[in-house]
Amino acid sequence: FACEVLNVTHNDLVYDPTCGTGGFLVSAFDYVREHSTNEQLKEFKKHRIFGVEQQPKIAALAIVNMIFRGDGSNNIVDNNCLEISLKKLILNSSKTAEYDKKGANKDQEPVNKVLMNPPFALKDKDEKEHKFIQHALEQMETGGLLFAIVPVSVLAKSGDCYKWRKNVLLKDNTLLSVITLPEKLFYPVGVHTCAMIVKKGIPHKKTDNVLWIRCLNDGYRLKKGVRFYDQTMQDDLEIVKNKVKLFCYDSTATMDNVPEFLKIACVDFEDKLLELVPEAYIDEHVPSEKDIKKGIEWLVRENAAFQIRNNIQEGERNDN
């Protein structure tokens, strides 16, 4: 989904600063392979896929993942992404990059596509997610596109997250789209997440539209603790894929407003929390007469069941 909406090509320099086992990089490689010649793919995998993973064993898995799919692993490194930078490099007349010490890439930002899922800050001492996103943005050329999956708190919480949203994210970049993702996407980790798409280096104006979407289903069903794809279930990501792709490259595009699902609207800069989540912008569904009757019927049934359970328990206590 991320590779398609950003339209990753063999000319892009793709970066995942928190690559884990390489899921995003593998998808980028596979997507480019489907849309390129052998010569273009060879150039892409050698010079334009970059990933960082701090845990050595996980980094090794990412490298193995790429090798199994036809290489492209030579630019995956074991390091702390917050302590290094990427800078432009021309190698054999080919556009590429190299790792350097932090801050060494000023005016040499090489990346134009970022795909990332920063580690969730589950403890107070953990590095906050927005720091990883900011690091990625600092490696990007103006106009580059970033796709990041983050906890809802990053886009709605007060404190440091709010300051980053107001004083850095929107001040220096354009927010294109925010997509609420399915609740059990990271099961069994109970973190509610959003995908955010950002254009680097162009300040967000009050009149700029944002595409807000709520994707509550991804076609997967949970059974006995395992998520598996079920063709009978709706896949919201597939439904909106082309709409998001269009909006990324033409933010003046118009789309029908679908209550509780999709809406194009400007950021509310008057919001004291500056929440950047779809639920703050998407319209609620106006219930029909049928919906109201159904709701009343459900409420009556629930109340009746509650009364019956209470009467039975009260009777048992009296018998005792």
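When residues in segment 50-100 are screened for being touching a residue at least 40 places away in the same chain (Cβ under 8 Å), in a strand (DSSP E or B) and of a type in the set (Gly, Ala, Ser), 3 of them pass. For the residues 129, 98, the requirement of being over 21 Å from residue 199 (Cα atoms), at pLDDT 90 or above and open to solvent by less than 80 Å² (accessible area, probe 1.4 Å) singles out 98. Could you list all residues from segment 246-302 that are under 18 Å from residue 206 (Cα atoms), assigned to a helix (DSSP H, G or I) and among the β-branched types (Val, Ile, Thr)? Across segment 246-302, there are no qualifying residues. Against the numbered list (1) at pLDDT below 95; (2) of a type outside the set (Ser, Thr, Tyr); (3) open to solvent by 10 Å² or more (accessible area, probe 1.4 Å), residue 110 comes up short only at (3). Note on segment 153-203: among residues that are within 21 Å of residue 24 (Cα to Cα), modelled with pLDDT of 95 or more and open to solvent by 20 Å² or more (accessible area, probe 1.4 Å), the one that is farthest from the chain's Cα centre (by Cα) is 200.
Applying the condition of being in contact with a helix residue (DSSP H, G or I) (Cβ under 9 Å, 6 or more places away or on another chain) and open to solvent by less than 10 Å² (accessible area, probe 1.4 Å) to segment 84-95 and asking which residue is farthest from residue 133 (Cα to Cα) yields 94. For residue 275, the requirement of being in contact (Cβ under 8 Å) with a residue 40 or more places away in the chain and open to solvent by 70 Å² or more (accessible area, probe 1.4 Å) is not met.
The values are calculated or read from the model by the stated rules, or taken from the named source; none is laboratory data. Because the structure is predicted, anything quoted here is derived from the model rather than measured. Quick reminder, even Gly has a Cβ in these numbers, built from the backbone with ideal geometry, and neighbours come from all protein chains shown. SASA here: full protein model, heavy atoms, side chains in, ligands and nucleic acids out. Shrake-Rupley method; radii C 1.70, N 1.55, O 1.52, S 1.80 Å.
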